[in-house]
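Worksheet for the structure shown next.
Every read-out reported here was derived from the displayed coordinates using simple, explicitly stated rules and does not represent laboratory data. Nothing here was measured: the structure is a model prediction, and the numbers come from that model. Note that each Cβ is placed from the backbone with ideal geometry, even for glycine, and that neighbours are counted across all protein chains shown.
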Amino acid sequence: MRILLAVASRHHGTWEMGEVAADVLRTRGHEVVQRAPEDVEDLDGYDAVLLGSAVYTAHWLPAARELTHRCGEELLARPVWLFSSGLATQPANAANSPLEIRALCERIGARGHRSFRGRLDRAALSFAERAIIAGGRAREGDHRDMAAVAAWAGEVADALARPAGGAAPASIAS
C-alpha cells in the first residue's frame, strides 16, 4: 500500500515523529512518502494518509489545516489517521487537543486521532512563541515518546491489513 505521511512541523520535532511512524509502516511492507502538507497538491497514487501537525495555541499549523481543505474530498475516499504533537506537559492537557480536531475528523472521515507530547527548546523559538509558552508553563526538554509513536503506527498498519470495513481498535479510533 502506498501511504502519504504529511507532517506540519515548525521546529522539526513533529517531523521526526513522522519519520518514526514512516519507518514502522515501511517495515510492515508499505511504501511511505513523507512530505510537508504545503508540498502536497493532490492525493493521486496514495491508498492511505497519515496527517500530523504540531499544535500551537491549541490549533494545528495552518499548512495541515489547509491540506484538509484543499484535498477534503480525496481524504474522504481513503483511510486517514491524524496525529498531533503539543506542549511538553501532559498529553491530556487542553493545549495538546486542537480545538478543531473533532470537526476535522468528522469532515474528512478520519479513522482516528492521537495526541503525543512534544519537544520544547526555548532557544529555537521566536519571541512570540516564547511569550505564549511562558503563559502555558511548559517544561523545556524532549518529552516525546517515540515508542508510543511507533506503537501507534503499528496499530495503523494492523488496521490497514484488515479487510475493508474491519473495525479499528478503540485505541486508534478515538
- prompt: Near the amide H of residue 52, under 5 Å away, which other amide H atoms are found, from residues 5 or more places off or on another chain, if H is placed in the peptide plane?
  reply: 6, 7, 8, 83
- prompt: With each pseudo-label sitting 7 Å past Cα toward Cβ, what's the residue 44-residue 73 distance in nm, one decimal?
  reply: 1.4
